[in-house]
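Here the structure comes first, spelled out in structure tokens, and everything after it is commentary.
The values are calculated or read from the model by the stated rules, or taken from the named source; none is laboratory data. The model shown is predicted, which means the values in this text are computed figures rather than measured ones. Reconstructed Cβ throughout: ideal geometry from the backbone, glycine too, with neighbour counts over all protein chains shown. Surface accessibility is based on the protein's heavy atoms, side chains included, excluding ligands, DNA and RNA. Shrake-Rupley method; radii C 1.70, N 1.55, O 1.52, S 1.80 Å.
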There are 2 protein chains.
Amino acid sequence: MAKNEDSKMQSNIIGRRGFMLVLSSPSGAGKTTIARRLIEEENGLYMSVSATTRPRRPGEVEGKDYYFVEDETFHLMANRGEFLEHANVFDHYYATPAVPVMNALSEGRDILFDIDWQGTQQIADKSRDDLVSVFILPPSTQDLEKRLLNRAQDSAEVVAKRMSKAADEISHYREYDYILVNENVDKAISDIKAIMVAERLKRDRQVGLTDFVKELRDQI
Amino acid sequence: MAKNEDSKMQSNIIGRRGFMLVLSSPSGAGKTTIARRLIEEENGLYMSVSATTRPRRPGEVEGKDYYFVEDETFHLMANRGEFLEHANVFDHYYATPAVPVMNALSEGRDILFDIDWQGTQQIADKSRDDLVSVFILPPSTQDLEKRLLNRAQDSAEVVAKRMSKAADEISHYREYDYILVNENVDKAISDIKAIMVAERLKRDRQVGLTDFVKELRDQI
């Protein structure tokens with residue numbers, strides 16, 4: 001599907017600051033598919049690259065899948081406040097370096113994050129104005145159960161853990177700007193694209209607006 | 001053009017509160033055309049009906065074009081705080097009665113206002129959370145001049161007055177949520193429709209969300 005070129009039109013006249021787009025949802029609400037298609041189809045939207053201490057797997061590319069760093073480097077960066085958010089997952093550390101993201105935003109690019117409520121809270125604490133958060137809910141409990149139970153080879157223990165995590169995630173919906181019920185993946189993607197168009201038109205994000213308006217007024 | 005039915009989908013599961021959509025712009029930026037097409041094409045969006053003390057003109061319908069009221073009734077209503085905003089234009093009074101608008105919002109309908117910055121400020125003072133404001137700018141000074149000078153039979157005095165009003169309007173752009181540069185009317189309309197989709201998905205406007213989430217969690 002061709003990438004959406006429309007985002008450039010208004011910025012031929014005035015520039016704009018990018019934003020951090022966070023999609024969160026309980027496991028199984030369809031977030032991964034939605035994120036993948038948004039990156040493919042939306043011009044100006046880029047996936048955030050995390051730093052991690054876990055070893056690189058065959059096929060993974062440094063700087064593209066992750067920034068692979070040593071434990072010591074990771075903690076040095078963390079202590080220096082260089083991360084927007086960080087988390088500990090299965091004995092390894094993951095984090096979002098702030099500098100590449102802030103550079104992207106100042107160049108008018110939007111960055112997509114696939115993180116949970118804890119990462120979202122950390123980003124909100126550091127840079128609330130740059131954050132656009134969307135919580136994706138399944139349309140029904142039946143749908144959620146179906147997706148959570150879908151991987152037939154998992155043990156009852158793994159399934160129970162996943163359901164508990166889903167319940168925990170759902171309880172944090174109040175911390176998000178937008179709530180989307182994912183009944184239909186094409187509509188969900190269309191809705192998020194609309195959210196992006198709208199957020200790109202927010203007055204606070206326009207750059208050079210003061211000069212443009214001054215020029216208009218001077219001519220009148 | 002067929003009306004957009006999509007706004008119903010998420011609200012089959014959870015309801016939503018409507019919002020007041022205000023479009024403002026300097027005269028000649030294309031706002032009237034845009035407003036007319038939005039009403040025609042957008043399901044769930046309705047034009048606000050003002051109360052006025054000016055006499056009804058042939059062809060105008062009570063309750064559709066305006067609520068036509070006596071001077072005394074108008075001032076009674078104003079003093080009782082029944083208006084969201086009011087203005088004095090060429091020796092007559094105009095105002096938006098609050099009750100029909102608030103009823104519409106609680107029924108999930110969105111109301112479109114074609115008012116200037118003064119009316120917008122009054123509405124913001126009374127009900128900021130229900131307000132979604134869009135300022136439409138012309139793409140260039142040449143375009144603005146062309147539109148302002150378009151009515152060949154106007155006197156130089158009328159033209160000067162209109163230009164002065166345009167400059168005044170433009171100086172209030174900082175009071176608006178969204179800024180739209182009207183380069184192309186179809187794109188401007190498409191952008192405002194996106195703003196509407198986004199604002200309808202704002203978490204604060206969802207009704208029954210707490211119950212829906214509780215139901216999801218109870219089942220997990």
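Remarks
- Answer from B:VAL99, B:VAL89 - the residue that is within 26 Å of B:GLY208 (Cα to Cα) and loosely packed, with under 13 Cβ neighbours inside 10 Å: B:VAL99
- Residues (touching a residue at least 40 places away in the same chain (Cβ under 8 Å) and either open to solvent by less than 70 Å² (accessible area, probe 1.4 Å) or within 7 Å of chain B (Cβ to nearest Cβ) (or both)) located in segment A:157-167: A:ARG162, A:ALA166, A:ALA167
- Top-ranked residue in segment A:40-64 [being assigned to a loop (DSSP other than H, G, I, E, B) and open to solvent by less than 60 Å² (accessible area, probe 1.4 Å); ranked as farthest from A:PRO97 (Cα to Cα)]: A:ASN43
- Condition check for B:ARG37: within 14 Å of the chain's Cα centre (by Cα), among the charged types (D, E, K, R) and not in a strand (DSSP E or B): yes
- Restricting attention to segment B:176-191 and to residues that are within 9 Å of chain A (Cβ to nearest Cβ) and outside any loop (DSSP other than H, G, I, E, B), the residue that is farthest from A:LEU137 (Cα to Cα) turns out to be B:VAL181.
- Residue count, segment B:194-220 (criterion: among the basic types (Lys, Arg), at the interface with another protein chain (Cβ under 8 Å from one of its Cβ atoms) and part of a helix (DSSP H, G or I)): 2
- Scan of segment B:87-129 for residues that are among the aliphatic types (A, V, I, L, M) and in contact with a His (Cβ under 8 Å, 6 or more places away or on another chain), ordered by number: B:ALA95
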